[in-house]
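To keep things clear, I will list the structure first and then write my remarks on it.
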Amino acid sequence: MSDCLFCKIVAGEIPAKLVAESDAALAFYDIAPQAPVHVLVIPKVHVTDINEIDGDHPVMDDLIALVQSVVTEEGIKDAGYRLVVNVGVDGQQTVPHLHIHVLGGRRMTWPPG
């Protein structure tokens, strides 16, 4: 998708501070971090949101595998972390490209919002 911010990051048209990468997914630091560790994990193919994922979809396998790599790399695997997937306007999804927020490095509070 030519006007998608995250697609432009995948294409290398917009710089991002990369954390990890696989054949199918990319992880980079959020530009407005909400925790000491705030990484976004995205599929390299354009998927608008999780509503486009039906059943056993390989995109989710790729994203979760990269999340596991990120939490290990960032040193938050054993301390605990939060994964957030926002969907739609009311869910506060600001970029219409599926992404998982990996938040950690501090104690999370509840309720989240």
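So what's the angle, to the nearest 10 degrees on a 0 to 90 scale, between helix 58-73 and the longest Cα principal axis of the chain?
Tilt relative to the chain: about 40 degrees.
Please state the relative contact order of the chain as a whole percent: Cα pairs under 8 Å, 6+ residues apart?
On the way: 172 pairs, mean separation 33.9, N = 113.
Dividing the mean separation by the residue count of the chain yields 30 percent.
Determine which aspartates and glutamates satisfy two conditions relative to LYS44: a Cα distance under 19 Å, and not lying fewer than 8 residues away in the same chain.
Result set, ordered by chain and number: ASP3, GLU13, GLU21, ASP23, ASP30, GLU52, ASP54, ASP56, ASP61, ASP62.
How long is the gain from VAL45 to ARG106 if the chain were fully straight, where each residue apart is worth 0.36 nm and the alpha carbon distance is subtracted?
On the way: separation 61, 0.36 × 61 = 21.96 nm, distance 3.13 nm.
The VAL45-ARG106 span can extend by a further 18.8 nm.
When Lys and Arg each count +1 and Asp and Glu each count -1, what net charge do the other residues less than 10 Å away from VAL59, Cβ to Cβ, add up to?
Numbers: positive: LYS44; negative: GLU52, ASP61, ASP62.
So the surrounding residues net to -2.
Checking the a/c ratio against 1.5 first, then a/b against b/c, what shape does the Cα gyration tensor give for the chain?
On the way: a/c = 1.42, a/b = 1.28, b/c = 1.11.
Rounded.
Which one of TYR29, HIS99, VAL10 is farthest out on the positive end of the charge dipole of the chain, using unit charges on Cβ (Lys, Arg +1; Asp, Glu -1) and the Cα centre as origin?
The one lying farthest along the dipole's positive direction is TYR29.
With +1 on each Lys and Arg Cβ and -1 on each Asp and Glu Cβ, and nothing else charged, work out how big the dipole of the chain is about its Cα centre, in Debye to the nearest 20.
Dipole magnitude for the chain comes out near 540 debye.
Which one, ALA79, ALA16, ALA35, has the greatest fluctuation when you compute a Gaussian network model over the chain with C-alpha springs under 10 angstrom?
Among ALA79, ALA16, ALA35, the largest mean-square fluctuation in the Gaussian network model of the chain belongs to ALA79.
Using only DSSP helix segments of four residues or longer, with each worth -39500 (n - 2.57), what per-residue ellipticity at 222 nm results for the chain after dividing by its residue count and rounding to 500? Present the calculation step by step, with values, prior to reporting the outcome.
Details: 2 runs with 22 residues, N = 113.
Value at 222 nm, helices only: -6000 deg cm²/dmol.
Calculated FRET efficiency, MET60 and CYS4, Cβ-Cβ r, R0 25 Å, to nearest 0.05?
The formula returns an efficiency of 0.85 here.
Where a number appears in this text, it was derived from the coordinates with a stated rule and is not lab data. Model, not experiment: these values are computed from the prediction. Reconstructed Cβ throughout: ideal geometry from the backbone, glycine too, with neighbour counts over all protein chains shown.
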